[in-house]
Amino acid sequence: MAGPSLRPHVHWAQRHRELFLRVDLSDVRNPDITITDNVLHFRAQGHGAKGDNIYEFEIEFLEPVEPKPVCRMTQRQLNITVQKKESNWWERLTKQEKRPLFLAPDFDRWLDESDAEMELKEKEEEKINKMKIESRVPKDPFKHLKKGYLIMYNLVQFLGFSWIFVNMTVRLFILGKDSFYDTFHTISDMMYFCQTLALMEIMNSLIGLVRSPVLPSVMQIFGRNFVLFVILGSLEEMQSKPVVFFIFYFWSISELFRYPYYMLSCIGIEWKPLTWLRYTVWIPLYPLGGLAEAVCIVQSIPIFSETGKFSLGLPNPLNVTIQFPFVLQIYLIALFLGVFVNFRHLYKQRKQHLGPKKRKMK
């Protein structure tokens, strides 16, 4: 059988518009807090000065208050906020002149009337200054147009890379390894379209349409386009090699999560599983994609050496020929440096979006 109810220690403070009550009960269960006829009724079970028990009290306020208190529980205490009906300073909390024994000032939040007026004035000034700043910021008349463009761009890219991924996957299941050798001839047109359209991402960063650094976009897009247009597009001997399958497959998988993530971000929606995939899938795919591109370049060097394609002969008196295979060897070094730079950038983004959140100070 439960013991008699007890009164907990209650601490209070006020502002011109609010009353703050702090009830010293831990592990509060089943709180019942109501305001009827300007009287606050409190009843709850919790651990207080008399151990784990049922605690209750009543407070008849000095002046009228709103009938809906706001309650916030923590493991160590229970906080109640009550709104005054009129903004003014009370000389005491209760209607009865003698203060109840269980009630005491909350010195952690206590302010006298002059200090409270200063605090209220500072809040009003802060609110006015914020409104002034917001009024000075010009409204962008093309905001919705820009958002619509970004949504459409990301949607088109998502559909394009989805088509590539699904087409390659179906062909792999049906044809097996034989699908490796004609990947370029069946997929290249759509890949040309998607990678050409991707140049818009550099422009979007340059004009400030999206808040992303320009350098990582330039390195990734120009790197992919160099492999696609210069290496694969110009050498028929390279188009039937199995490495093309892996390059296109790694590219398409990574974009299946990136573009939907950006598309939803444009309309203020965050889907946590998609966010995790967008900032996690790249960890294996990005190095594998860079490795596949490097293999493609290495395989193309003997062909460029034999054909002399893109090699540049300078006129006399220099009489020097810049061999394109030598340029590719230099590019290989730049490729691995670019992979390292972009890897660091993507890792920082992952920590920013998926890292542990800092706890706010109370």
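The values are calculated or read from the model by the stated rules, or taken from the named source; none is laboratory data. Computed from a predicted structure; not experimentally measured. Every residue, glycine among them, receives a Cβ derived from its backbone with ideal geometry; neighbour counts consider all protein chains shown. The area values use the complete protein model at the heavy-atom level, side chains included, leaving out ligands, DNA and RNA. Shrake-Rupley method; radii C 1.70, N 1.55, O 1.52, S 1.80 Å.
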For this session: Scan around GLU18 for amide H atoms under 5 Å from its own, H built in the peptide plane at 1.01 Å from N, and keep only partners 5 or more places away or cross-chain.
Result: LYS84
Seminar exercise, completed: Along the dipole axis of the chain (charges at Cβ: +1 for Lys and Arg, -1 for Asp and Glu; origin at the Cα centre), the most positive-end residue among HIS345, PRO105, LEU62 is HIS345
Seminar exercise, completed: On each of the three principal axes the extent of the alpha-carbon atoms of the chain, given in whole Å and largest first, is 106, 56, 34
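Using unit Cβ charges (K, R positive; D, E negative) and no other charged atoms, how large, in debye to the nearest 20, is the dipole of the chain about its Cα centre?
Using only the charged Cβ atoms, the result is roughly 260 debye.
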Seminar exercise, completed: The alpha-carbon pair-distance distribution computed for segment 123-219, with 10 angstrom bins and whole-percent values, is 13, 27, 23, 18, 9, 6, 4, 0
For this session: Could you do me a favour and compute the accessible area per residue for segment 1-78, 1.4 Å probe, result in Å²?
Result: 58 Å²
Exercise. For segment 23-39, in order, what is each residue's ³J(HN,Hα) by Karplus, 6.51 cos²θ - 1.76 cosθ + 1.60 with θ = phi - 60°, in whole Hz (x at glycine and Pro)?
Worked result: 9, 7, 9, 9, 6, 5, 10, 6, x, 10, 10, 9, 10, 10, 6, 6, 10
Problem set entry | Accessible-area composition of the chain, carbon plus sulfur, in percent [1.4 Å probe] | 60 percent
Problem set entry | Convex hull volume per residue for segment 198-290, taking Cα atoms only, in Å³ | 100 Å³
Problem set entry | Pairwise label distance in nanometres, LYS121 with ARG76, each label 7 Å out on the Cα-Cβ vector | 3.4 nm
Problem set entry | Helical mean residue ellipticity (222 nm; -39500 (n - 2.57) per DSSP H run of 4+; nearest 500) of the chain | -17500 deg cm²/dmol
Seminar exercise, completed: Helix 214-225 sits off the longest principal axis of the Cα atoms of the chain, rounded to the nearest 10 on a 0 to 90 degree scale, by 40 degrees
Problem set entry | For segment 185-201, 3J(HN,Hα) per residue [Karplus equation, 6.51 cos²θ - 1.76 cosθ + 1.60, θ = phi - 60°, Hz, x = Gly/Pro] | 5, 9, 10, 4, 4, 5, 5, 4, 4, 5, 6, 5, 5, 5, 4, 5, 5
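Write out the GluC sites (Glu not before Pro) in segment 258-350 meeting two conditions: DSSP loop, and at most 11 other Cβ atoms within 10 Å of their Cβ.
Here the GluC sites (Glu not before Pro) that fit, given the DSSP loop and packing criteria, are GLU270.
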For this session: With an 8 Å cut-off on Cα pairs and a minimum separation of 6 or more residues, tell me the relative contact order of the chain in percent.
Result: 12 percent
Exercise. Taking 0.36 nm per residue of separation and subtracting the Cα-Cα distance, what length does fully extending THR186 through ARG211 add?
Worked result: 5.5 nm
Exercise. Label points 7 Å out from Cα along the Cβ direction at ASP140 and GLN352: separation in nm?
Worked result: 1.7 nm
For this session: Would you kindly calculate the mean projected area, averaged across all directions, of the convex hull enclosing the Cα atoms of segment 1-127, in square nanometres?
Result: 8.6 nm²
For this session: Give a quick list of chymotrypsin sites (Phe, Trp or Tyr not before Pro) in segment 209-306 that DSSP marks as loop, anything other than H, G, I, E or B, with at most 13 other Cβ atoms within 10 Å.
Result: TRP271
Seminar exercise, completed: Within segment 1-94, DSSP-loop GluC sites (Glu not before Pro) with at most 10 other C-beta atoms within 10 Å are GLU86, GLU91
Seminar exercise, completed: Expected vector for segment 287-298, Karplus 3J(HN,Hα) from phi with 6.51, -1.76, 1.60 and θ = phi - 60°, integer Hz, x for Gly and Pro, equals x, 5, x, x, 5, 5, 5, 5, 4, 4, 5, 4
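Once the Cβ-Cβ distance between LEU111 and VAL281 is put in as r, and R0 is 56 Å, what FRET efficiency do you end up with, to the nearest 0.05? Intermediate values should be presented prior to the final figure.
Values: r = 53 Å, r/R0 = 0.94.
Once rounded, the FRET efficiency stands at 0.60.
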Problem set entry | Rg over Rh [alpha-carbon atoms, Kirkwood Rh] for segment 236-302 | 1.15
